[in-house]
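Asks: This is the structure I want to talk about, given as structure tokens.
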Amino acid sequence: MMEGLGAGKSDYTIQATGDIEKVGGRLGGLPVTTGPGDQVSGSTANGTVWGKSDGFRIYGGIKSISLENPDHVQVHTGAIAGGPDDDHGDLCEVVVRAEKVEFISGQGPGEGALELEIEHDIRGGQSEHTSLRLPTGATRNIGVAIDNFKVPRSGSEPKTIVTKITEREPPRDWFTGAPDEGSEPVDITLACDNPQQVTNTVPIDSDRGNPGKVKVYYTIDDLDD
């Protein structure tokens with residue numbers, strides 16, 4: 001699967017030892033397109049990817065993958081859930097959820113709370129946004145599903161959640177301080193029959209000398225259990 005990253009684009013060429021088949025639908029939790037600009041001839045595929053993803057089924061091995069702009073493409077290889085010949089009885093559905101956020105540190109004594117906007121971004125999947133007010137020392141429930149993935153029962157699939165925090169100033173401080181921000185990735189593993197809780201502690205920079213820190217709790221669960 002050729003996953004386009006950001007706004008840039010890249011031409012690519014795939015060469016295999018056997019035939020290549022263009023596929024659509026959803027691979028590894030990511031929608032893939034079947035546009036006319038992607039050409040397959042025997043054991044060679046040529047195309048351009050940007051902003052979306054192109055999916056292929058390769059019979060045999062991969063001889064080479066050439067990328068015009070490697071910074072704009074993430075290449076995924078191997079057995080990926082959602083291929084055209086998958087037996088859905090051998091797959092489970094795994095959901096990733098953001099459950100709660102905990103105040104760790106930050107803010108002056110006069111403010112008393114963090115005004116947060118939280119983005120939960122699964123690379124190769126969906127993202128969700130949460131807005132809430134987090135008082136000093138408190139924990140607040142989030143309780144949102146970020147994305148669901150089909151995962152082979154005989155294997156697992158790695159993913160990365162990037163937690164992005166924006167701490168907004170209250171209205172009375174709009175002219176004295178800019179929003180404070182922080183971002184932190186955390187690696188997760190999707191697998192059947194393996195419920196997990198993962199935490200991500202995100203530092204929040206500050207232009208006023210009072211940096212903060214919050215901890216976000218995620219759960220990963222098999223919906224088929």
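No value in this document is a laboratory result; all are computed from the given coordinates. Remember, it's a predicted structure, so these values are computed and weren't measured experimentally. Because the Cβ atoms are built from the backbone with ideal geometry, glycine has one as well, and the counts that use them run over all protein chains shown.
Asks: Please compute P(r) over all alpha-carbon pairs of the range 93-222, binned at 5 Å starting from zero, and give each bin as a whole-number percent.
Replies: Spelled out per bin, shortest first, that is 2, 11, 21, 22, 15, 11, 8, 5, 3, 1, 0, 0.
Asks: For V23, enumerate residues with amide H under 5 Å from its amide H, sequence gap 5+ or separate chain, H modeled in the peptide plane.
Replies: G55, F56, R57
Asks: Tally Lys/Arg at +1 and Asp/Glu at -1 over every other residue whose Cβ is under 9 Å from the Cβ of V144; what's the total? Mind showing how you got there, number by number?
Replies: Numbers: positive: R97; negative: E99, E128.
Value of the local net charge: -1.
Asks: Would you tally the net charge around A16, using a Cβ to Cβ cut-off of less than 11 Å, leaving A16 out, and scoring K and R as +1, D and E as -1? Don't skip to the answer; put the middle values down first.
Replies: Working: positive: R57, K63; negative: D19, E21.
Result for the local shell: 0.
Asks: For T160, what is the net charge nearby, where nearby means another residue's Cβ is under 10 Å from its Cβ and Lys, Arg count +1, Asp, Glu -1?
Replies: Values: positive: R123, K159; negative: D121, D187.
With Lys, Arg at +1 and Asp, Glu at -1, the neighbours total 0.
Asks: Here is a follow-up. If the reach is capped at under 16 angstrom between alpha carbons, list the lysines near K215, excluding any in the same chain fewer than eight residues apart.
Replies: K100, K164
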